[in-house]
1. Could you order the peptides 40-49, 197-206, 219-228 from most to least packed, using the average number of other C-beta atoms within 10 Å per residue?
2. Is the C-alpha gyration tensor of segment 240-316 telling us rounded, prolate or oblate? Criteria: a/c under 1.5 is rounded; beyond that, a/b larger than b/c is prolate, otherwise oblate.
3. Taking 22 Å as R0, compute the FRET efficiency from the Cβ-Cβ separation of Leu294 and Ala264 and round it to 0.05.
4. At a Förster radius of 30 Å, what calculated FRET efficiency corresponds to the Cβ-Cβ distance of Met26 and Gln53, to the nearest 0.05?
5. Spin-label point model (7 Å from Cα, Cβ direction): what's the Thr39 to Asp119 distance in nm?
Amino acid sequence: MEGQILQERSSYRRGLVLGLTMAEIMVLLVFCLLIAMATFLKREESRRIAAEQALKEEKAQNEQIRDVVNSLSKSAAVAEKVESLSGLSDPQAIDQYWRELVDSRSVVKDIEKTISVKDLRESLANIAALRASNIDVDKALHDAEIVGAINRAMIKPGDPPVSAQAVLDTLTRGMTQGPGGHQWPPIIRMSEADGYFFKSGSAELSPGFQETLLTRTPGEILDYIRKYDVDIIEVVGHTDERPIGVRQFSNLDRELLPVLKSEAGVVSLVPADNAGLGLARAVAVVSVLRQSPLLAGYKLIPLSGAQLVNTDETLAISGSSGDIQQRRRIEIRLRKSSSSDTTATLPTAAPVVPR
C-alpha cells in the first residue's frame with residue numbers, strides 16, 4: 001500500500017513545474033501580459049492627455065493673438081500708426097511686423113529679469129567703444145580672466161591683491177631665458193654615499209637623515225621656491241639593482257596613506273620589489289617634510305624611480321647589480337604647476353610671493 005502511494009505521488013509530480021500545473025502557469029503568463037498591457041495603455045493615455053493639454057494651450061494663445069490683431073486692424077488710428085512706423089502698406093506685411101513687435105516686447109521683458117535696460121545700453125555702448133578702438137571684446141574678457149587668475153594664484157588668503165607691477169615682474173621672470181635657456185631649479189640629492197641612510201630593504205629613516213629633513217632641508221627647498229617661483233615639490237625614491245629579497249606580499253596598497261598622513265610608522269611598510277621600495281622611501285621623506293610649517297601650502301608628491309635611472313639621468317639598462325651607494329638616493333625636484341594644475345587649485349593655492 002505504501003509503495004502504491006509513493007508511485008502515485010511520483011506520477012503526480014511529473015506534471016508540475018515549480019509546484020504549478022501547466023494550466024496554472026498559462027494563467028499566470030496571461031495575467032502578467034495583461035498587467036504589462038495595462039501599464040503601457042496607462043502611459044500612452046498620460047502622453048495623450050499631455051499632448052491635448054499642450055495643443056489646447058497653443059490654440060488659446062493663437063486665439064488671443066488673433067483677437068489682438070483683429071482688434072488692432074479695426075482701429076484706423078492704430079493701423080495708421082503702425083503703417084507709418086513700419087513703412088509698409090501690405091496688410092500681411094504689417095501683420096507680420098506687429099507679430100515681431102509683440103515678440104520683441106516679450107524678449108525685452110525676459111532680459112529685464114536679469115539686467116536693466118539702462119545697464120544693457122551701457123554695456124552695448126562700452127562694446128561699441130572697444131570696437132571703435134580696435135579692441136577685441138572676447139580677447140579683453142579673456143585677458144581680464146588671466147589677470148584675475150594670476151592674482152588669485154599669487155596671494156595668500158587674507159593678503160591684499162598683488163600690484164600690477166608685481167604681476168608683470170613675475171611674468172617677465174617666467175619668460176626670461178638665459179644663455180642656456182630656461183633656468184630650472186637644481187635637484188637636491190640625498191644619497192647613502194653622503195650619509196643619508198635607510199635600513200637595508202626598508203623605508204625607515206636613520207636618525208641623522210630624519211633630523212636633516214626636519215631642520216635643514218625645508219629651508220633649502222623654500223629658498224629655491226622663492227628664487228625660481230615654483231610650487232610643486234617632487235620627492236623621487238631611487239634604488240640600485242640588487243633584489244631586496246623574496247617576499248610573498250606587499251602591504252603598500254594598505255599602509256602608504258596612513259604613513260603619509262603620519263597615522264602609522266614608516267617601519268610598517270613592507271615593499272615586495274625595488275619599485276615599491278623606492279616609493280615607500282619617497283613617502284617616508286614626504287611624511288617628514290609635511291611636518292615643516294615652511295612648506296605648508298605647497299604640493300608634495302612622492303614618486304618612485306626604482307632601479308631604472310642612473311645618477312647621470314640615463315636609463316639603467318646595462319645591468320649593474322652591484323652595491324652602489326650613490327644610486328640608493330632620494331632626489332627632490334621642484335617645478336611649476338602646469339596650467340591644468342593651476343586652474344584646478346586656484347581657490348586653495350597659496351604660494352609665497354617671490355621677492
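1. Numbers: 40-49: 10.0, 197-206: 17.5, 219-228: 15.6.
With the highest mean Cβ count within 10 Å placed first, the list reads 197-206, 219-228, 40-49.
2. Working: a/c = 3.02, a/b = 1.26, b/c = 2.39.
Judged from the Cα gyration tensor, segment 240-316 comes out oblate (a/c at least 1.5, b/c at or above a/b).
3. Working: r = 24 Å, r/R0 = 1.11.
For R0 = 22 Å, the calculated efficiency reads 0.35.
4. Numbers: r = 41 Å, r/R0 = 1.36.
Efficiency, from the Cβ-Cβ distance: 0.15.
5. Distance between label points: 5.0 nm.
Every number in this text was worked out from the coordinates using simple rules, so none of it is lab data. Nothing here was measured: the structure is a model prediction, and the numbers come from that model. Here the Cβ is made from the backbone with ideal geometry for all residues, glycine too, and neighbour counts use every protein chain on show.
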